[in-house]
Amino acid sequence: MSTVLEATFGPRLTGSRSGPFSGFIGVPGDKSMSHRALIFGGLANGLTRIRGLLEGDDVLRTADAVRALGAQVERADSGEWTVRGAEWQAPAEPIDCANSGTGARLLMGAVAGFPIDVTFTGDASLSGRPMERVLGPLRSMGARTEGSTLPVTIRGGRLHGMHFVNEKASAQVKSAILLAGLRAEGDVVVIEPRLSRDHTENMLRAFGCDVTSEDGVISLGERRSLTATDVAIPGDPSSAAFPIVASLIVPGSQVTVRNVMVNPLRAGLFTTLQEMGADLRFVDERREGGEPVADIVATASALRGVEVPASRAPSMIDEYPILAVAAAFAQGRTVMRGLSELRVKESDRLAAVIAGLQACGVDAWDEGDDLIVEGLGGPPRGGADVQAHHDHRIAMSFLVMGLAAQKAVTVDSADMIATSFPDFTPLMRSIGGSIQ
Ligand code: S3P
């Protein structure tokens, strides 16, 4: 029976009160950069060498996709990959992106510039997520598309330019348009009222492409061909968030997470935690792989509730579940504004976070697109069975809750943690966390 349940719902994991946490750890390579390095390498002339690639399920699907489209993709060692780019060809089978929205949406943009038909599929979660936000702009550039949720077929070919206003501040949508634009005739301009993560622009430049960005206006220039380069991928701030928050909320803890990418367009969680009173120190700030990087020292702190403005959401969009856990330990109310996009992530994260917090004895609710958490000024009761809805970040957030709450917290489906942070459990154990 339990095997059948596990096959259907994935393994259950329980986080139990533990710590104080201590140690020096590294987290896996940034997921956004890992997808991009493989895709750009697959489009470039020559051999791209990648160091620090995240070998999580989402990124491995993108590696398979780029290979199926005609590039040579090889793993030399842990995190070390090479990609020899090619003129992309129609793959023999549909491209299965499994759980990965980033993989699906970026690849859709990239294939649209080739005269090939490509069908994309995914798992149940990805098949329910909106794709029209990418397909609409691609059609405006001249691609033909079928389906508005997966399975989706892109019939690519001769594209023309476009001006697009990125109202949702989605880096995936921006990136799909820029990737399609590499093979389009004419101006390709994305206008961003609120800036989204800029790894695509940074990495396109590193591959020799002419991209300008100024005051939220991103334009492709004349030179749109890519030349292979070496890419070093620093640690993922969205993964570093879990040991960092665990260290802040368990008294007596101090953990250093080495080599974390701290691009300001990804650092909203760190800013917010500091406003809440967190003792976070950024040590040895430097640049790696074209991105700012630092070692982050997190020391247990008494947190207080804050208001997080909607304008900050793009810079911490994946971090609200773990911020909500931190907010439950803080003194006073935390209000997080403008979270409509959380409803269309790997799960409806707004609903999943509220249900999980309530199950753990924390008062939390939504008002329109805002999330409100009534902090307890100490450890919540916990002692709950939380539904993770097959969402990696919900599972990891509530395991961290369990490490610090009064009673253990179990998540029902921890299997998807492997999509972004395969070593989450051993790494949390290595700093003193009890996860079984
Ligand atoms: C990503 C962009 C974000 C983020 C996702 C990764 C990217 O999604 O949630 O995990 O790599 O471009 P949106 O573009 O939908 O905001």
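The values are calculated or read from the model by the stated rules, or taken from the named source; none is laboratory data. All values reported here derive from a predicted model rather than from experimental measurement. Cβ atoms come from the backbone with ideal geometry, glycine included; neighbour counts cover every protein chain shown. What goes into the accessible areas is simple: the full protein's heavy atoms, side chains included, and nothing from ligands, DNA or RNA. Shrake-Rupley method; radii C 1.70, N 1.55, O 1.52, S 1.80 Å.
One line per residue, one yes/no per condition, for (1) assigned to a strand (DSSP E or B); (2) at negative phi:
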site	(1), (2)
Glu167	no, yes
Val173	no, yes
Ile177	no, yes
Glu185	yes, yes
Val189	yes, yes
Asn202	no, yes
Arg205	no, yes
Gly208	no, no
Ser219	yes, yes
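Can you name every residue in the range 165-208 that is out of contact with any Leu (no Cβ under 8 Å at 6 or more places or on another chain), among the polar types (S, T, N, Q) and open to solvent by less than 10 Å² (accessible area, probe 1.4 Å)?
Correct list: Asn166 only.
Output the residues belonging to the range 285-308 that are closer than 22 Å to Lys31 by Cβ, surrounded by 15 or more Cβ atoms within 10 Å (Cβ to Cβ) and not aliphatic (A, V, I, L, M).
If the condition is that a residue be closer than 22 Å to Lys31 by Cβ, surrounded by 15 or more Cβ atoms within 10 Å (Cβ to Cβ) and not aliphatic (A, V, I, L, M), then Glu288, Gly289, Gly290, Glu291, Pro292, Asp295 are the ones that fit.
Here are Gly15, Gly23, Gly42: which of them is outside the structural domain of Met396 (by TED's automatic domain parsing) and at pLDDT 95 or above?
Gly42
Can you name the number of the only condition in (1) surrounded by fewer than 21 Cβ atoms within 10 Å (Cβ to Cβ); (2) more than 16 Å from the ligand (Cβ to nearest atom); (3) not polar (S, T, N, Q) that Ala418 fails?
Failing condition for Ala418: (2).
Name the single residue that is surrounded by the most Cβ atoms within 10 Å (Cβ to Cβ) among those in the range 20-45 being of a type in the set (S, T, N, Q) and within 14 Å of the ligand (Cβ to nearest atom).
Ranking the candidates gives Ser34 first.
One residue is enough: does the range 390-404 have a residue meeting the conditions of a type in the set (Gly, Ala, Ser), modelled with pLDDT of 95 or more and part of a strand (DSSP E or B)?
no
How about the range 113-167: which of its residues are polar (S, T, N, Q) and in contact (Cβ under 8 Å) with a residue 60 or more places away in the chain?
Result: Ser125, single match.
Find the residue count for the range 150-164, including only residues that are within 15 Å of the ligand (Cβ to nearest atom) and surrounded by fewer than 15 Cβ atoms within 10 Å (Cβ to Cβ).
Qualifying residue count for the region: 0.
For residues in the range 225-284 being part of a strand (DSSP E or B) and without any contact (Cβ under 8 Å) to a residue 60 or more places away in the chain, which is least open to solvent (accessible area, probe 1.4 Å)?
Ranking the qualifying residues of the range 225-284, first place goes to Leu280.
Go through the range 65-94 and count every residue that is hydroxyl-bearing (Ser, Thr, Tyr) and under 16 Å from Ala44 (Cβ atoms).
Residues meeting the conditions: 1.
Looking at (1) within 22 Å of Pro237 (Cβ to Cβ); (2) open to solvent by 10 Å² or more (accessible area, probe 1.4 Å); (3) without any contact (Cβ under 8 Å) to a residue 40 or more places away in the chain, can you tell me which one Ser311 breaks?
Among (1) within 22 Å of Pro237 (Cβ to Cβ); (2) open to solvent by 10 Å² or more (accessible area, probe 1.4 Å); (3) without any contact (Cβ under 8 Å) to a residue 40 or more places away in the chain, the lone unmet condition for Ser311 is (3).
Quick check, is Val211 surrounded by 23 or more Cβ atoms within 10 Å (Cβ to Cβ) and among the β-branched types (Val, Ile, Thr)?
Judged against the criteria, Val211 is not a match.
Inspect the range 114-136 for any residue being within 11 Å of the ligand (Cβ to nearest atom), assigned to a helix (DSSP H, G or I), crowded, with 22+ Cβ neighbours inside 10 Å and modelled with pLDDT of 95 or more and give the result as yes or no.
Within the range 114-136, one or more residues are within 11 Å of the ligand (Cβ to nearest atom), assigned to a helix (DSSP H, G or I), crowded, with 22+ Cβ neighbours inside 10 Å and modelled with pLDDT of 95 or more.
Give the range 358-385 a look and list any residue that's of a type outside the set (Asp, Glu) and under 22 Å from the mean Cα position of the chain (by Cα), or say none.
Restricting attention to the range 358-385, the residues satisfying the condition of being of a type outside the set (Asp, Glu) are 358-362, 364-365, 368, 371-373, 375-384.
Leu371, the sole residue that qualifies.
Every residue, every condition in (1) surrounded by fewer than 20 Cβ atoms within 10 Å (Cβ to Cβ); (2) among the hydrophobic types (A, V, I, L, M, F, W, C); (3) without any contact (Cβ under 8 Å) to a residue 60 or more places away in the chain, yes or no:
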site	(1), (2), (3)
Arg51	yes, no, no
Arg61	no, no, yes
Leu69	no, yes, yes
Thr82	yes, no, yes
Gly85	no, no, no
Glu93	yes, no, yes
